[in-house]
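The values are calculated or read from the model by the stated rules, or taken from the named source; none is laboratory data. Model, not experiment: these values are computed from the prediction. Cβ placement follows ideal geometry from the backbone for every residue including glycine, while neighbour counts extend to all protein chains displayed.
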Amino acid sequence: MHIPDGYLDTKTCLGTYCLAGATLAWAARQVTARWNDRTVPLLGVMSAFVFAGQMVNFPVAGGTSGHLLGGVLAAVLLGPAAAAMALTTVLIVQCLLFQDGGISALGANTLNLGVVAVFGGYLVYRLVRNYFSGTRSIVLGAALAAWCSVVLAAAGCALELASAGTAPLRLVLLVMTLTHAVIGLGEAAITAAVVGFVVRVRPDLMYEPTLTPTPPLAFKAVATFGLAVSVGVALLLSPLASGLPDGLERVASQLGFGERAQAGGASPLADYAVPGVHQPWLSSSLAAFLGTLFCFGAAWLVAWAFGRWLRRPRSQP
């Protein structure tokens, strides 16, 4: 669902940049209020895992493929504010290094996938948790929220396409939401599986919306295990990804605006391929490996720098 350059007009691009930027600024303040030693390793690991998961496209009905969005998964582990920061890190890396999503549309992609999907999906998750209790409610709530997050992001994308005059609202909204309602079933299944595993093995990793101090995590253990899992997904599963068009590409083809896509600037790993590597499976695996490390490093560096800034001594007036 990464919108390329050419699909949106200038006013829509600028508007979505402003909305996404304002929300992320607010999210950064929320993360600051809850900052602790868990923040750095979890932000890095979750960014890496979401990137690796998004590399694995799975086929769905109608000759379309989908992939993990990861917004709800990140939100139930990090909280929605930190999850928005993690998803934004992934989107920036995908845009700049892999030419996945246009630079002009980065604000729209961030708004859809890093804001609407994260906060909208997390709201559904909290509603389920408020009405039901027990481990089953956590897993079922995450699954339902994950499905909703995909549909909400698709609806946001449709509204932007209509605002730009790319497609009629009534038509693109219907087709986008129906297409991604099917893709959302895969998102729900993956999210439920991962959340169910975490709840059984490490329930202390689950986010709870309280300002009560949480115990610190052993950075080496969390970072090593989480990064190892992410790299494993990237290396082993990315070559198996479906080559079918994703939901937005399928809709663009159906509604006749696919030719509006424009190639962005030069990217070192464009189309998730490593220059000079001629074996497609090896090129894809190496690109996924490098992207996973980039996302982990970028999120960890941002979180570490942010934490250091928070701990610096304040000058007395």
If ILE103 satisfies every condition in (1) surrounded by fewer than 24 Cβ atoms within 10 Å (Cβ to Cβ); (2) within 20 Å of ALA192 (Cβ to Cβ); (3) touching a residue at least 60 places away in the same chain (Cβ under 8 Å) but one, which is the exception?
(2)
Filter the stretch 37-67 for residues that are crowded, with 24+ Cβ neighbours inside 10 Å and of a type in the set (Phe, Trp, Tyr); the one that is farthest from GLY101 (Cα to Cα) is PHE49
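Quick grid of which residues meet (1) over 22 Å from ARG202 (Cα atoms); (2) free of Cβ contacts under 8 Å to residues at least 40 places away in the same chain; (3) more than 17 Å from the chain's Cα centre (by Cα); (4) surrounded by fewer than 24 Cβ atoms within 10 Å (Cβ to Cβ):
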| position | (1), (2), (3), (4) |
| --- | --- |
| LEU69 | yes, no, no, no |
| PRO80 | no, no, no, no |
| MET85 | yes, no, no, no |
| GLN99 | yes, no, no, yes |
| LEU113 | yes, no, no, no |
| GLY120 | yes, yes, no, yes |
| ARG126 | no, no, yes, yes |
| THR135 | no, no, yes, yes |
Exclusive hit being in a helix (DSSP H, G or I) and either under 16 Å from LEU91 (Cβ atoms) or more than 19 Å from the chain's Cα centre (by Cα) (or both), set GLY62, GLY53:
GLY53
Whether any residue in the stretch 246-257 is of a type in the set (Ser, Thr, Tyr) and surrounded by 15 or more Cβ atoms within 10 Å (Cβ to Cβ) is what I want to check.
no
Identity of the residue in the stretch 1-36, within 17 Å of the chain's Cα centre (by Cα) and in a loop (DSSP other than H, G, I, E, B), that ends up surrounded by the most Cβ atoms within 10 Å (Cβ to Cβ)
ILE3
Under the condition of being in contact with a Ser or Thr (Cβ under 8 Å, 6 or more places away or on another chain) and outside any loop (DSSP other than H, G, I, E, B), which residue from the stretch 260-286 is nearest to THR166 (Cα to Cα)?
ARG260
Tally, over the stretch 79-134, of residues that are out of contact with any Cys (no Cβ under 6 Å at 6 or more places or on another chain) and either of a type in the set (Asp, Glu) or at positive phi (or both)
4
Kindly establish whether LEU310 is buried (at least 20 other Cβ atoms within 10 Å of the Cβ), farther than 23 Å from GLY226 by Cα and modelled with pLDDT under 90.
no
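How many residues are over 14 Å from VAL229 (Cβ atoms) and either of a type in the set (D, E, K, R) or touching a helix residue (DSSP H, G or I) at 6+ places or on another chain (Cβ under 6 Å) (or both) if we restrict to the stretch 185-205?
Of the residues in that region, 9 qualify.
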Being under 30 Å from THR32 (Cβ atoms), at pLDDT below 85, among the β-branched types (Val, Ile, Thr) and surrounded by 15 or more Cβ atoms within 10 Å (Cβ to Cβ) is true for just one of VAL222, VAL194. Which residue is that?
VAL222
Note: among LEU169, LEU178, LEU185, just one is closer than 19 Å to LEU8 by Cα and at pLDDT 85 or above, namely LEU169
